[in-house]
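The values are calculated or read from the model by the stated rules, or taken from the named source; none is laboratory data. Predicted, not measured: the structure shown is a model, and the values here were computed from it. Cβ atoms come from the backbone with ideal geometry, glycine included; neighbour counts cover every protein chain shown. Protein only, heavy atoms only, side chains kept; ligands, DNA and RNA dropped before computing areas. Shrake-Rupley method; radii C 1.70, N 1.55, O 1.52, S 1.80 Å.
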Amino acid sequence: MIGTVRIELRKGVSAKHGMTPLSLIYSLEGARKRYSLNLNIYPEYWEQKQQLAVFIPVKDARKLLPAIPVNHLLTEVEIKDINKEIGKLKQCISEIEDKFKANKKPFSSDMVINELLASQGQVTKKEEPTGFVFDFMDQYIKDHEATRQKGSLSVYKSVKNHLEAYQYATGHKVTFETIDYIFFQKFQTFLIKRTKSDKAGNISPMLNNTTIAKALSTLKTFLGYARKSGIKVNGTYKDFEIKKQSLEVIALDQDEFDAILNKDFNGNARLEKARDLLIFSCTTGLRVSDMLQLRREHINNNTITLKVTKTKQDLSIPLNVISAGILDKYKEHHRPLPMISSQNLNYYVKEIAELCGINQPIEIVRFSGTKRIVKVYQKHELIKIHTGRKTFATLSLEKGMSAEEVMKIGGWEDYQSFKRYVNITEKRKKVVMEQAWGAPVHLKVV
């Protein structure tokens with residue numbers, strides 16, 4: 001005695017996104033019993049005669065199902081999972097029948113299906129909900145709004161947008177299980193090939209390799225967070241190596257710093273305030289977010305003591321003659337420093353640098369895939385308020401401070417993150433040599 005198994009579409013029953021549920025029909029000696037598979041499929045993907053789900057390429061599927069969004073179409077992996085699940089259930093039914101036969105116990109269709117129901121926890125795979133990765137990313141961003149900088153979280157929003165675009169373009173569902181080593185390779189290629197067009201119709205790469213590396217690194221960080229949150233992720237993503245390009249360090253040299261420090265703006269309060277903020281950053285290493293949060297209570301005994309907005313670490317910065325002079329300039333004001341938004345401040349410091357003649361041509365090289373993209377700028381175009389922090393590192397080293405001392409004052413936590421800001425100049429070499437061994441006397445050439 002052996003039963004027959006057949007899989008059918010439950011016509012007239014609608015599931016999520018307009019799919020149709022699949023049912024297993026078990027028949028034995030004329031008695032039929034239905035078992036819900038907890039699997040949904042569009043009828044166009046089901047081959048009733050072969051009793052199998054069949055994959056339809058995205059291009060063809062869009063013609064067959066024009067009303068269905070691309071990210072709801074079934075991927076080849078999902079089709080294989082459906083067939084695998086059906087195969088497991090058929091195998092389980094066969095084992096249940098064999099068990100009854102081995103015990104010489106008569107059985108009915110009800111008995112077989114009841115046994116199947118009892119064992120369904122072992123044979124039914126819990127499917128990751130559609131869009132779960134994106135929903136989890138949204139929740140991650142929401143949960144960290146109070147503890148992370150807005151700019152930092154914007155990177156996660158950008159990565160989410162790239163993942164959604166990848167899923168739409170390829171038709172491959174993005175899940176925690178499918179984000180593996182191979183996924184990272186394909187996703188990187190997708191990001192390299194993403195393009196944008198200007199009003200004239202010119203096509204150019206949307207992202208350079210530096211931005212792509214940041215996106216991939218952020219995705220790795222997110223997967224690590226998901227794993228620690230108890231979500232099962234595919235661990236092979238850890239083997240994917242991200243190649244990062246060394247970036248140019250744009251900092252002011254001593255002559256440029258002096259030119260800005262001593263510039264007379266003829267009563268232009270806007271530029272004067274912006275100059276003071278830039279110089280204050282150059283002489284303390286403070287980020288703009290920390291200059292804008294600075295209060296009178298943070299300043300005692302010629303020392304600034306505060307908790308860094310970005311890293312939440314405690315920082316103690318001794319004042320010097322220049323930084324103390326700027327604070328003294330605004331001593332009658334409610335706040336220690338003038339308030340200017342970061343966006344406007346970046347515009348103003350570029351204008352200041354141009355007025356001070358900081359026009360040295362600088363070549364910026366980026367790569368998009370293997371394509372080398374070269375642009376030449378005048379240095380004032382590259383000056384931002386964050387240039388102050390880089391300048392603090394560079395000039396402090398040139399003035400003889402050790403790397404450890406600069407890191408401690410500026411709040412760099414490890415040398416790996418600090419060294420990209422440091423421009424070891426020929427002047428720096430001369431300074432440290434003379435400090436260590438003494439300045440040479442002028443030799444007469446005979």
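Brief remarks follow.
- Residue selected from the stretch 72-114 under the condition hydroxyl-bearing (S, T, Y) and assigned to a helix (DSSP H, G or I), by the criterion surrounded by the most Cβ atoms within 10 Å (Cβ to Cβ): S109
- All conditions in (1) assigned to a loop (DSSP other than H, G, I, E, B); (2) surrounded by 15 or more Cβ atoms within 10 Å (Cβ to Cβ) hold for K160, with the sole exception of (1).
- Of all residues in the stretch 306-316, at least one satisfies being under 27 Å from K408 (Cβ atoms), in contact with a Lys or Arg (Cβ under 6 Å, 6 or more places away or on another chain) and of a type in the set (D, E).
- Of the residues making up the stretch 211-224, just one is of a type in the set (S, T, N, Q), open to solvent by less than 40 Å² (accessible area, probe 1.4 Å) and more than 17 Å from A165 (Cα to Cα), namely S217.
- When the stretch 248-290 is limited to residues that are touching a strand residue (DSSP E or B) at 6+ places or on another chain (Cβ under 9 Å) and under 26 Å from V365 (Cβ atoms), the one that is least open to solvent (accessible area, probe 1.4 Å) turns out to be I250.
- Condition check for T195 on (1) closer than 14 Å to H162 by Cα; (2) open to solvent by 50 Å² or more (accessible area, probe 1.4 Å); (3) modelled with pLDDT of 90 or more; (4) of a type in the set (S, T, Y): one failure, at (3).
- For the stretch 327-347, the set of residues classified as aliphatic (A, V, I, L, M) and either open to solvent by 90 Å² or more (accessible area, probe 1.4 Å) or on the phi > 0 side of the Ramachandran plot (or both) consists of M339 only.
Residues checked against (1) in a helix (DSSP H, G or I); (2) open to solvent by less than 30 Å² (accessible area, probe 1.4 Å); (3) at pLDDT below 90:
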residue: E297; (1), (2), (3): yes, no, no
residue: K312; (1), (2), (3): no, no, yes
residue: L315; (1), (2), (3): no, yes, no
residue: V349; (1), (2), (3): yes, yes, no
residue: V365; (1), (2), (3): no, yes, yes
residue: I373; (1), (2), (3): no, no, yes
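- Scanning the stretch 1-58 for residues that are at pLDDT below 85 and either assigned to a helix (DSSP H, G or I) or acidic (D, E) (or both), we see that the one that is surrounded by the fewest Cβ atoms within 10 Å (Cβ to Cβ) is E29.
- Restricting the stretch 59-71 to residues that are open to solvent by less than 40 Å² (accessible area, probe 1.4 Å) and assigned to a helix (DSSP H, G or I) leaves a set whose member that is farthest from F134 (Cα to Cα) is A61.
- The residue of the stretch 228-247 that is most open to solvent (accessible area, probe 1.4 Å), among those that are touching a Lys or Arg at 6+ places or on another chain (Cβ under 7 Å) and not in a helix (DSSP H, G or I), is L247.
- Test: F418 is touching a residue at least 24 places away in the same chain (Cβ under 8 Å), more than 30 Å from N268 (Cβ to Cβ), surrounded by 16 or more Cβ atoms within 10 Å (Cβ to Cβ) and touching a Phe, Trp or Tyr at 6+ places or on another chain (Cβ under 6 Å): yes
- Pairs are defined by a Cβ separation below 6 Å, a sequence spacing of at least 6 or placement on different chains, a first member in the stretch 347-370 that is touching a residue at least 24 places away in the same chain (Cβ under 8 Å), and a second member that is among the basic types (K, R); the pairs so defined are I352/R275; C356/K263; I358/K379; I362/K379; I364/K375.
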